[in-house]
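Worksheet for the structure shown next.
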Protein chains: 2
Amino acid sequence: MSAKVKMLKTLKAKECLDDIKTLKNKKQFASMWFRELRDKICKSFEEIENKKILNKQITFNQKSWERDGGGGGTISIMHGDVFEKVGVNISTVHGKFSKEFRQQIPGAEENGLFWASGISVVSHMCNPHVPAAHMNTRMLITGKGSKKKLWFGGGGDLTPTFNDIESSNIFHKDLKSICDKYDKSYYPTFKRWCDDYFYLPHREEPRGVGGIFFDYLCNEDWEKDFSFIQSIGSTFLSSYLSIIKRRLSRKFNDKDRETQLIKRGRYVEFNLLYDRGTIFGLKTGGNTEAVLMSLPPKVSWY
Amino acid sequence: MSAKVKMLKTLKAKECLDDIKTLKNKKQFASMWFRELRDKICKSFEEIENKKILNKQITFNQKSWERDGGGGGTISIMHGDVFEKVGVNISTVHGKFSKEFRQQIPGAEENGLFWASGISVVSHMCNPHVPAAHMNTRMLITGKGSKKKLWFGGGGDLTPTFNDIESSNIFHKDLKSICDKYDKSYYPTFKRWCDDYFYLPHREEPRGVGGIFFDYLCNEDWEKDFSFIQSIGSTFLSSYLSIIKRRLSRKFNDKDRETQLIKRGRYVEFNLLYDRGTIFGLKTGGNTEAVLMSLPPKVSWY
């Protein structure tokens, strides 16, 4: 691994010296983008869902929630014949982390203050030949005054039921292509980070075929980081749409479906046993419905 | 709460001063009992499973495993038309806890040495009107020499899909009756312990209707404790059998079934997010298949 790759893998959020007005603008740009991306994703998924059947009108249901302590979010969920369950959450929250968790968050050690805005997409498909997909990006600010820190985190990964090299190649190629436009070291680093993260040690199995994953991204150039975050969202959407369209008409039988439901069990195991966001969300009084939006609609264990 | 109840709730494993031969006998009695109880439970469940249909012969499948470091166990699983998935695990293992976990186990702090034998039963039923049930009892020995500790732990609890007062009453009455024969403070203490333990904070919901739960049980009189452990096993079996028989012929529809699958999702959430045995088992290299035997066969989330 190159020195740069190593360095990136151990990214640490840096101090943020913005004045109040600049920071306010950044917050607003980020949260507006997450909302805009949510609308785009929902619209595209609804189009696919309703394409084949005339007068079919399956749409996302939206439900907003408020956070005790500040901010809130909106859960958008659709259950259809193409998307068995797809959720798109956005949230913009602020407040104080409890003392128990402050040490785990850069910049929050002293007073626990934080602001966070993000989007999270999880899609479980009816057809076992279409991979499940996940994408999440967020902007975080912690602390106050000259000790404030600001960074981006996120990623996207694909979980096919079967050995689906076609989808995996498309997804990785698209992500690599967008990463390379920003920094040649991003893709190899963030791919590896993703492989390390989405792994079930008790099964000795990866959750899926990976993608990219990163945290504490904070270059001097905020605009560049933010543009990268936007690109991940747009690229995830176009890449996943092309994967869905390629594989949607594949025939499947009851056995394929059962294999899919077993595979989903691993997804549940990962999210409840290891996923930082899920565990952190549930144990810090996050919105349960939003946090558990990621869980698949039907699952089997043997 | 009485002083005695408080005292019991904070049970601490005491030193065990048995000579080697006595200890060897206790280990043998305990592990033999768990095996005997396993056979009894499997036989009774197979009888129910095959009762109604002539020539039907659904039986438990057994699979043995060995533990790196010492000992092993046997998983018995049956999938039928009455029992959608029922697992009965027994294991007798010994070795050393990794340094990371020693501080959490009485007597294991210094050298991590342990010996453990136990049985675990988890039953998920086809008919949503028959509650799921769980029972587990175990004997633990940690440390060595005069710092050795020996204790029993275990419990049993019931998870109906619906508001099933009948089953809950039978189960609690039977458990209370057997507890009271040993110590009048057992039932109120262990019931409360169970209610505290099988609770999902993120849902603000109990996992089911409770039962009993305890750990670090070690009176001066080992024979009495062991007899209590045996009684829990036998009482759980007879009580659950009577509940099954009463409710098995109830009609149910697709909506009832869906409600059951959603309820099972809470069961999964509890086991993967909070259950000590599950998390400890998976993170200390326990047998994954045995540990996750508890997970329901079919589950839904919305």
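Read-outs: derived from the displayed coordinates by stated rules, not from any lab. Model, not experiment: these values are computed from the prediction. Cβ sites come from the backbone with ideal geometry, for glycine too, and all protein chains shown count toward neighbours.
Counting only C-alpha contacts under 8 Å and six or more residues apart, can you give the relative contact order of the stretch B:75-156 as a whole percent? All intermediate terms of the calculation are to be shown ahead of the outcome.
Details: 178 pairs, mean separation 21.5, N = 82.
This gives 26 percent for the stretch B:75-156.
Starting from a label point 7 Å past Cα on the Cβ side, list the distances from B:Glu205 to the same position in the other copies, nm, shortest first.
Nearest first, the other copies' label points are 2.6 nm away.
Gap in Å between the Cα centre of the stretch B:239-299 and the Cα centre of the stretch A:268-300?
Their Cα centres are 18 Å away from one another.
Obtain the nm distance between the two label points defined at A:Gln103 and A:Lys43 by a simple spin-label model: each point lies 7 Å from its Cα along the Cα-to-C-beta direction.
4.8 nm
Taking a cut-off of 18 Å between Cα atoms, list the aspartates and glutamates near B:Lys173, but don't count ones fewer than 8 places away on the same chain.
Within the straight-line limit of under 18 Å, B:Lys173 reaches these aspartates and glutamates: B:Asp157, B:Asp164, B:Asp183, B:Asp195.
Can you give the angle from 0 to 90° between the axis of helix B:254-273 and the longest principal axis of chain B, with both taken from C-alpha atoms, to the nearest 10?
Helix B:254-273 sits roughly 20 degrees off the main axis of chain B.
Counting residues in the stretch B:44-153 as N, plug N into 2.2 N^0.38 Å and put the Cα Rg over that result.
Taking the Cα Rg and dividing by 2.2 N^0.38 Å, one obtains 1.39.
Packing-wise, with mean Cβ within 10 Å as the measure, how do B:189-202, A:93-106, B:214-227 rank, highest first?
Working: B:189-202: 19.2, A:93-106: 14.2, B:214-227: 15.9.
Result, highest mean first: B:189-202, B:214-227, A:93-106.
Return the long-range amide H neighbours of A:Leu200 (sequence gap of 5 or more, or a different chain), with a cut-off of under 5 Å between placed amide H atoms.
Correct list: A:Glu205, A:Arg207.
Let me know the mean shielding of B:83-96 by other chains, meaning the per-residue number of their Cβ atoms within 10 Å of its Cβ.
0
By per-residue mean of other Cβ atoms within 10 Å, what is the highest-first order of B:129-135, A:232-238, B:254-260?
B:129-135, A:232-238, B:254-260
Which of the lysines could be linked to B:Lys96 by a straight reach, that is with a Cα gap under 22 Å, when you skip same-chain ones fewer than 8 residues away?
B:Lys12, B:Lys14, B:Lys21, B:Lys24, B:Lys26, B:Lys27, B:Lys144, B:Lys147, B:Lys148, B:Lys149, B:Lys283
If I take all pairs of Cα atoms in the stretch A:178-231, what percentage of them are more than 17 Å from each other?
In whole percent, the long-distance tail amounts to 42.
Quickly rank B:243-249, B:67-73 as a protection proxy: mean count of other C-beta atoms within 10 Å, highest first. Before the final figure, lay out the partial values.
Working: B:243-249: 16.4, B:67-73: 14.7.
The packing order, highest mean first, is B:243-249, B:67-73.
Using the 7 Å Cα-to-Cβ label point, sort the distances from A:Asn61 to its equivalents in the other copies shortest first and give them in nm to one decimal.
3.7
May I ask for the percentage of alpha-carbon pairs in the protein assembly as shown that lie more than 41 Å from each other?
Values: 60831 of 182106 pairs.
That fraction is 33 percent.
Along the Cα-to-Cβ line of A:Asn253, 7 Å from the Cα, sits a label point; which residues in the stretch A:117-133 have backbone N less than 16 Å from it?
Inside the label zone: A:128-129.
In the stretch A:19-75, what is the volume of the convex hull around the alpha carbon atoms, normalised per residue and reported in Å³?
About 69 Å³ per residue, rounded to a whole number.
Enter the mean number of other protein chain beta carbons within 10 Å of the beta carbon of each residue in A:282-292, as an integer.
Mean inter-chain Cβ contacts per residue within 10 Å come to 3.
Kindly write out, for the stretch B:83-97 in residue order, the coupling ³J(HN,Hα) from the Karplus curve 6.51 cos²θ - 1.76 cosθ + 1.60 (θ = phi - 60°), rounded to whole Hz, with x marking Gly and Pro.
With the stated coefficients, the stretch B:83-97 comes to 8, 5, 7, 10, x, 10, 9, 10, 7, 9, 10, 8, x, 10, 6 Hz.
On average, how many beta carbons from a partner chain sit within 10 Å of the beta carbon of a residue in B:271-280?
Per residue, the average neighbour count from other chains is 3.
From the backbone phi of the stretch A:129-142, what are the Karplus-calculated ³J(HN,Hα) couplings (6.51 cos²θ - 1.76 cosθ + 1.60, θ = phi - 60°) in whole Hz, Gly and Pro given as x?
Each residue of the stretch A:129-142 in turn: 7, 9, x, 6, 9, 9, 9, 8, 9, 7, 10, 10, 10, 10 Hz.
For the stretch A:3-292, evaluate the Debye formula with one uniform point scatterer on each Cα (no solvent term) and list log10 I(q)/I(0) at q = 0.11, 0.15 Å⁻¹, rounded to two decimals.
Listed by q, the Debye log ratios stand at -0.65, -1.24.
Taking each pair of distinct Cα atoms in the stretch B:169-302 once, what is the resulting Kirkwood hydrodynamic radius in Å?
Details: mean 1/r = 0.0588 Å⁻¹.
That comes to 17.0 Å for the stretch B:169-302.
Just how far, in whole angstrom, is the stretch B:86-120 from the stretch A:153-229 if you go by their alpha carbon centroids?
38 Å
Using a label point 7 angstrom from Cα along Cα-to-C-beta, what distances in nm, from shortest up, separate A:Glu223 from the other copies?
8.6
Whole-Hz ³J(HN,Hα) for each residue in the stretch A:177-193, computed from phi via Karplus 6.51 cos²θ - 1.76 cosθ + 1.60 with θ = phi - 60°, x for glycine and proline: what do you get?
For the stretch A:177-193, the Karplus-derived couplings read 4, 6, 4, 4, 5, 9, 6, 5, 8, 4, 4, x, 5, 6, 5, 5, 4 Hz, x marking Gly and Pro.
Helix A:222-247 versus the longest principal axis of chain A: what angle, 0 to 90°, nearest 10, using Cα atoms?
Compared with the principal axis, the helix lies near 10 degrees.
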